[in-house]
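Okay, structure first, notes after.
The values are calculated or read from the model by the stated rules, or taken from the named source; none is laboratory data. This is a predicted model, so every value here is computed, not measured. Ideal geometry is used to build each Cβ from the backbone, glycine not excepted, and the neighbour counts take in all protein chains shown.
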């Protein structure tokens, strides 16, 4: 996939984030350290990036708990259903992969939900960090379990 025509870099308490967008909305949030993104690239901003910068900054400043951004993630129909379900998880709470599988009407799809969760292109805004294993363990997170733990603790403060 070609890189999005609009992107910016934002320094946050969990490190540098690269936010990517197209005319329709935000397409990705990446941690350059693990995604291979080139943090030194530059781009002009668009309205979606400006709104994302404002809202992500407010989230980390404890001034926002629900994002209201135009999103344009690319994925399969199943992944898109999972990602929509993730957006319904309330700030400061966690749910299991099983819960999401049941929510999307496919209770036997826990592993597929985990796979879709791992391929979420817009973490934080699509809050995949709020998914944990049924036994209460953290499960995985693309940016590492320490980052996931930090985000969950941040939302409890």
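Some observations on this one:
- Checking the stated criteria, residue 81 turns out not to satisfy the condition of being part of a helix (DSSP H, G or I) and surrounded by fewer than 17 Cβ atoms within 10 Å (Cβ to Cβ).
- Filtering the stretch 96-110 to residues that are modelled with pLDDT of 95 or more and over 16 Å from the mean Cα position of the chain (by Cα) leaves 96, 98, 99, 101, 102, 103, 104, 105, 106, 107, 108, 109.
- If you go through the stretch 114-139 and keep only what is without any contact (Cβ under 8 Å) to a residue 60 or more places away in the chain, surrounded by 14 or more Cβ atoms within 10 Å (Cβ to Cβ) and part of a loop (DSSP other than H, G, I, E, B), you end up with 119, 120, 126, 127, 133, 138, 139.
- Residue within the stretch 46-64 that is farther than 14 Å from residue 128 by Cβ, under 14 Å from the mean Cα position of the chain (by Cα), at pLDDT 95 or above and not in a helix (DSSP H, G or I) present: no
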